[in-house]
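Report on one structure; see the data block that follows.
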Number of protein chains: 4
Amino acid sequence: MLIVMRPDATESDVTRVIEVIESLGFRGHAMPGETRTAVGVTGNRGSVDPAHFENLPGVAEAIRVTKPYKLISRDLRLETSVVKVGNAPIGGGNLAIIAGPCAIENRKQVFAVAETVAKSGARFFRGGAFKPRTSPYAFQGMGEEGLKILADVREEFGLNIITEAMDERGIDLVVKYGDCIQIGARNMQNFSLLKYAGQARKPVLLKRGMSATLDEFLLAAEYIMAERNYDVILCERGIRTFADHARNTLDLSVVPAVHRLTHLPIIVDPSHATGHNYMVNAMARAGVAAGADGLIIEVHPCPEEALCDGAQALTPQQYAELYEQAHRIHEVLQPAEAAVA
Amino acid sequence: MLIVMRPDATESDVTRVIEVIESLGFRGHAMPGETRTAVGVTGNRGSVDPAHFENLPGVAEAIRVTKPYKLISRDLRLETSVVKVGNAPIGGGNLAIIAGPCAIENRKQVFAVAETVAKSGARFFRGGAFKPRTSPYAFQGMGEEGLKILADVREEFGLNIITEAMDERGIDLVVKYGDCIQIGARNMQNFSLLKYAGQARKPVLLKRGMSATLDEFLLAAEYIMAERNYDVILCERGIRTFADHARNTLDLSVVPAVHRLTHLPIIVDPSHATGHNYMVNAMARAGVAAGADGLIIEVHPCPEEALCDGAQALTPQQYAELYEQAHRIHEVLQPAEAAVA
Amino acid sequence: MLIVMRPDATESDVTRVIEVIESLGFRGHAMPGETRTAVGVTGNRGSVDPAHFENLPGVAEAIRVTKPYKLISRDLRLETSVVKVGNAPIGGGNLAIIAGPCAIENRKQVFAVAETVAKSGARFFRGGAFKPRTSPYAFQGMGEEGLKILADVREEFGLNIITEAMDERGIDLVVKYGDCIQIGARNMQNFSLLKYAGQARKPVLLKRGMSATLDEFLLAAEYIMAERNYDVILCERGIRTFADHARNTLDLSVVPAVHRLTHLPIIVDPSHATGHNYMVNAMARAGVAAGADGLIIEVHPCPEEALCDGAQALTPQQYAELYEQAHRIHEVLQPAEAAVA
Amino acid sequence: MLIVMRPDATESDVTRVIEVIESLGFRGHAMPGETRTAVGVTGNRGSVDPAHFENLPGVAEAIRVTKPYKLISRDLRLETSVVKVGNAPIGGGNLAIIAGPCAIENRKQVFAVAETVAKSGARFFRGGAFKPRTSPYAFQGMGEEGLKILADVREEFGLNIITEAMDERGIDLVVKYGDCIQIGARNMQNFSLLKYAGQARKPVLLKRGMSATLDEFLLAAEYIMAERNYDVILCERGIRTFADHARNTLDLSVVPAVHRLTHLPIIVDPSHATGHNYMVNAMARAGVAAGADGLIIEVHPCPEEALCDGAQALTPQQYAELYEQAHRIHEVLQPAEAAVA
């Protein structure tokens, strides 16, 4: 059930609608848009009678939703959501560049990269303190010590921190030290973790699982939002296919599909998708050209010395070139996208 | 590092080797086999000097391991491991039939299925109290109430209980009420959960992720064993491919590959793999013919009324036919497999 | 359009129906079954008026067909077709074993394998004289000289010859020297070649393309049958997926799916699917257990010396073991399958 | 074997080298580049002794080639090849736009599209007279009549004609009426057809097979070139994966990979890859941003009336917008790409 409010509905009209929803034992989710607010209903089994709402003040329409997802839907909010990560926006006509090393290795390395990133004009810093590694014997990340270094990066360079959590304790720590909780591809259907992230009061960057269909990806976001954390950013990072020239196959067609179906912003990760330094810039440019709201990029002062995934990290110089080209391509899309919207 | 003990090594020789390993800051894992014990070493970064061990009493050989996995390897244990689940074995020439409903829905349904399963001669009962569902709005399982029903099934029918856990609290509950912790495909690379399961004192049934390579699958098992829970059973449940006539593509060639590389038993789940009732028996028979150590099968008294995945559940009659055919095919393999071993 | 004749319809009733079909500018395909004949109509754009046929003598019913395939459908023929290859049948309760080397290399090698195959009791011999090779610089097969050797094998051992053709000239030669035209996976959607094979007067063994859906596979068979060659045998030989432990992923669930939808026999090729000698017998057994009508197997006297795909060929001894196990498993299915049919 | 000539080698030096190659029973392929010519050797089994060539006049170096491909390799020609299709170039810093309807349906439709294409500034026209269709009962194309219409389009609008051939007779006809032979994805490993196209004296546009690895794709091009037709253009058109939101998954990372390994130009087909009108422009822009040398696009005056694949065709207005954006993005890459080269 989706309740569309009239453009002139007051805040107390919206509150009243939500009260009625909760009195029926369901959950109400207000989504203010540019011209009107809509209220999503979740928690119901089976359909809800629209008659409960149609005559409430300020209600324009009560619509049955037949799609499996509700809160992510463009039906609920017509404009692309702008998610505030720290003090900077992702989504809504901005091109967000998130850059940094794969893993937090030590303060010196991290500060060297952060300086490059800050100088470029980017406003977001990435870097993993908890690393999901295929082997139990591989480097698993610095943990809380790494998060403290990231907090210092924010202090020093004014960059907003996006970093991965792999379990509930990790989410608590990222909420404490960082600005945005990253949920990795391997945890995209770790539903307990999604629910916990949905209760956190920080935005969530949700990476697509390696073999997730679009529906599964969107419903993973819905898990988070159903717990009332509406600040979700999606991320395409490559899917698993037979093709062996790149680590994964970056599926950029998901970008226009996400924009068509949902109001959520979506960014692209060309570093993990390709696994090869020489492909990263080409695929980063392609992501922007496909309409992505941002990029998440690995940069390392000495890629060949990185403890983790060095082969794909950009040098500072390659990163600078990318930053400039990505913005020029983003400009090409602006009038056209505006015309479409 | 893998330390092979002499056939005549005493228990105290093994203990001494492990003490030396721990004194170096590593972890030692004793794996007794039919003719000799081997001790795996984990926790080392880089290689360990064999000289530490070669002159200890009872040591036959210290071998450097170059493969990414250590404890699952056939190099460590030559025979297929027999994992005891409750009072019955999985692996080692037995054909384990695990049957039951997809989800625990209510006591009456569960007892009806359990009677069918017990009468067939099977010794393991399955059924989910926590259900990983793609949509947050779908039935999520009965939780602890469901586990209590399963415990009653064991009491009443003598069946050993295998049931899924999705988070740490779930593992604690399965340990309390059940006999074997199932880790689902979506959590195969939930490394925090694998480590927690590795500290539990119940066996683990680990399902292959939908897009997991063989190496990733084996290293997920290694995560559990590195925490000293050596009772791991693998399960092939279909992989995600372009093919659309079945829900997933059951990849049976993983069965001989697992048997070649590891000492772990592997079973097959034809119900989730195919998603179609009419395919289940054909693929179950195929799994046994490929050499699987068992089957995990969905049975439901009225498949069309099941709350979850009813389309794939067998009727009691279909299940009875399968049980009989599976055992006859398993017999065909016996002399040949014995000859190979 | 599908015209079902009455059980007591005479041959001239069927002929009359076909004459009416042809007079409308379409093509009629009579498919005699155990209890009644059905006549498929192809060549029509849009639907045909049943009134043309309903009052003809011997007609029981005229049915509109909405599926994309017509002639392969079980609606047209209730029993599995038995295809005669040379003097031996494939389909219909028989287990056909087709064995031989990958490529025809020389007379001595071929005769050595043929002796093994004939002695086992198998009635079909395989071996490629035209080899589709990924590289233009790899061995491309002996051509017509190889086909002559195959003809001599039939003469000497009484084995029926199944061998691949890659173009029209190749089909002409296989028709001249062999008993069954094999169309390889890479040519499954070479529609010009399918049409030409449909005009040949020898049966066709059609291999599934590496990324063919079930529908595409069935429609490729339909291409052949629409040209009035109804003797088509399907072959599952593995699909392309991300999994890297075997060359391809043998998709055995296609076997029950083909049997449900069509009357065509389907066999399984575990040699090309796995690419590894040690997996072949396990997957061959699995194919039979899944209900396949036969196996196509590579055997080589000295696999390590083979010019092409040696790693997957069975030794004569492995082949003998497989032959025996496959037949024992096939027996297990007999009563059950009979009961189903 | 690859023989690199000195920058000052004369044409007769090159001729002499080729004569020596042919006298050894092999085939020589001269590839002139900007600063020097290299000569590839094919037809040899095993390695050739460099001593045959090292002392010939004009020879700088004779290099053993260990990769499976020779003539497509960047080792042979350092610059990206520019392929002349009719009177216009593909490759080498140009952005080639190839546009037209999916199928040639009738003169009026074709001329309407051609006018749009010519007006945009594009120099290449596409449209199928032979259509590979999954079902034998679907529209198979107009055949030679369609090709005559295409020849008239060239006459009238000065557009160069690229059109598909599915068999040898089709190649003869495309050579007669068109400017470039398209080999479709389903025929990418139809090796007999590739060899025949290699003997034609018109350029070949080779589409990647739906499940072709990069190596298989490149070796298919090598098949054509080994027959001495060096004018090959590659085309990425989407691969088959589990993802179901688009018809295929456009694998743009193949673009930088092809440019790294080969000297061949590569273009992108976003229409067939996505199958959805609303995705085409996004993916076309992405293709250009990834570095593709061109685009092949379906345009139709009334997409909803198209006999074939209408859902993906652009309207003339959408096409015009794409044409402009694609060129602006291509400009962004120019300085950077030049710097790299």
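The values are calculated or read from the model by the stated rules, or taken from the named source; none is laboratory data. Remember, it's a predicted structure, so these values are computed and weren't measured experimentally. Positions of Cβ are backbone-derived with ideal geometry, glycine not excepted, and every protein chain shown enters the neighbour counts.
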Options B:L264, B:L218, B:L205: the member that is under 22 Å from A:G184 (Cα atoms), in contact with a strand residue (DSSP E or B) (Cβ under 8 Å, 6 or more places away or on another chain) and of a type in the set (A, V, I, L, M) = B:L218
task = Give the residues of region A:183-210 that are touching an Asp or Glu at 6+ places or on another chain (Cβ under 6 Å) and either part of a loop (DSSP other than H, G, I, E, B) or of a type in the set (S, T, Y) (or both), sorted by residue number.
result = A:G184, A:S192, A:Y196, A:P203, A:R208
request  = Would you check which residues across region D:100-129 are assigned to a loop (DSSP other than H, G, I, E, B) and either surrounded by fewer than 20 Cβ atoms within 10 Å (Cβ to Cβ) or of a type in the set (S, T, Y) (or both) and list them?
outcome  = D:N106, D:G121
task = Go through the residues of region C:53-73 one by one and say whether even a single one is modelled with pLDDT under 90, more than 14 Å from chain D (Cβ to nearest Cβ), touching a Lys or Arg at 6+ places or on another chain (Cβ under 7 Å) and part of a loop (DSSP other than H, G, I, E, B).
result = no
remark   = Scanning region A:132-191 residue by residue, those among the polar types (S, T, N, Q) and over 22 Å from the mean Cα position of the chain (by Cα) turn out to be A:T134, A:S135, A:Q140
inquiry  = Just the residues that are in contact (Cβ under 8 Å) with a residue 12 or more places away in the chain and either surrounded by fewer than 12 Cβ atoms within 10 Å (Cβ to Cβ) or outside any loop (DSSP other than H, G, I, E, B) (or both), please, taken from region C:33-45.
reply    = C:E34, C:T35, C:T37, C:A38, C:V39, C:G40, C:V41, C:T42
note = Of (1) surrounded by fewer than 19 Cβ atoms within 10 Å (Cβ to Cβ); (2) in contact with a helix residue (DSSP H, G or I) (Cβ under 8 Å, 6 or more places away or on another chain); (3) hydrophobic (A, V, I, L, M, F, W, C); (4) under 19 Å from D:L218 (Cβ atoms), D:V20 satisfies every one except (4)
request  = Take region A:288-310 and flag every residue that is more than 14 Å from chain D (Cβ to nearest Cβ) and either closer than 22 Å to A:S81 by Cβ or polar (S, T, N, Q) (or both).
outcome  = A:G294, A:I296
key: Top-ranked residue of region B:306-316 - restricted to ones that are at pLDDT below 90 and aliphatic (A, V, I, L, M), ranked as surrounded by the most Cβ atoms within 10 Å (Cβ to Cβ)   = B:A306
message = Just checking, does region C:273-289 include any residue being hydrophobic (A, V, I, L, M, F, W, C), within 15 Å of the chain's Cα centre (by Cα) and within 17 Å of C:R126 (Cβ to Cβ)?
response = no
Matching residues in region B:211-227 - criterion: being closer than 18 Å to B:T80 by Cα and either among the charged types (D, E, K, R) or in a loop (DSSP other than H, G, I, E, B) (or both) = B:E222
inquiry  = Looking only at region D:54-109, how many residues end up being of a type in the set (G, A, S) and closer than 26 Å to D:K131 by Cα?
reply    = 6
key: Residues satisfying the stated conditions in region D:197-209, i.e. buried (at least 23 other Cβ atoms within 10 Å of the Cβ) and touching a helix residue (DSSP H, G or I) at 6+ places or on another chain (Cβ under 8 Å)   = D:A197, D:V204, D:L206, D:K207, D:R208, D:G209
request  = Check region B:166-177 and report whether any residue there is within 14 Å of chain A (Cβ to nearest Cβ), surrounded by 22 or more Cβ atoms within 10 Å (Cβ to Cβ) and within 26 Å of B:T249 (Cα to Cα).
outcome  = yes
inquiry  = Would you confirm whether or not region A:224-232 contains a residue that is among the hydrophobic types (A, V, I, L, M, F, W, C) and closer than 23 Å to B:N248 by Cα?
reply    = no
inquiry  = Being over 20 Å from A:P89 (Cα atoms), buried (at least 24 other Cβ atoms within 10 Å of the Cβ) and aromatic (F, W, Y) narrows it down to one residue among A:Y319, A:Y278; which is it?
reply    = A:Y319
inquiry  = Condition first: within 21 Å of B:H29 (Cα to Cα), crowded, with 24+ Cβ neighbours inside 10 Å and either touching a Phe, Trp or Tyr at 6+ places or on another chain (Cβ under 9 Å) or within 7 Å of chain C (Cβ to nearest Cβ) (or both). Now tell me which residues in region B:231-268 satisfy that.
reply    = B:L234, B:V258, B:T262
key: Among the residues listed as D:P132, D:P136, the single one being in contact (Cβ under 8 Å) with a residue 12 or more places away in the chain and assigned to a loop (DSSP other than H, G, I, E, B)   = D:P132
request  = Only one of these is crowded, with 17+ Cβ neighbours inside 10 Å and either among the hydrophobic types (A, V, I, L, M, F, W, C) or in a loop (DSSP other than H, G, I, E, B) (or both): D:G146, D:G141. Name it.
outcome  = D:G141
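Residue by residue, here is whether (1) small (G, A, S); (2) free of Cβ contacts under 8 Å to residues at least 40 places away in the same chain holds:
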| residue | (1), (2) |
| --- | --- |
| A:T10 | no, no |
| A:I21 | no, yes |
| A:R27 | no, no |
| A:S47 | yes, no |
| A:V59 | no, no |
| A:R77 | no, no |
| A:A99 | yes, no |
inquiry  = Can you say whether D:T80 is at pLDDT below 90, more than 14 Å from every other protein chain (Cβ to nearest Cβ) and part of a loop (DSSP other than H, G, I, E, B), as far as the supplied structure shows?
reply    = yes
Unmet requirement for A:S192, which otherwise passes all of (1) surrounded by fewer than 24 Cβ atoms within 10 Å (Cβ to Cβ); (2) without any contact (Cβ under 8 Å) to a residue 60 or more places away in the chain; (3) under 17 Å from A:Y69 (Cβ atoms); (4) at the interface with chain B (Cβ under 9 Å from one of its Cβ atoms) = (3)
request  = Scan region D:81-99 for residues that are surrounded by fewer than 20 Cβ atoms within 10 Å (Cβ to Cβ) and either touching a helix residue (DSSP H, G or I) at 6+ places or on another chain (Cβ under 8 Å) or of a type in the set (K, R) (or both) and jot them down.
outcome  = D:K84, D:G86, D:G93
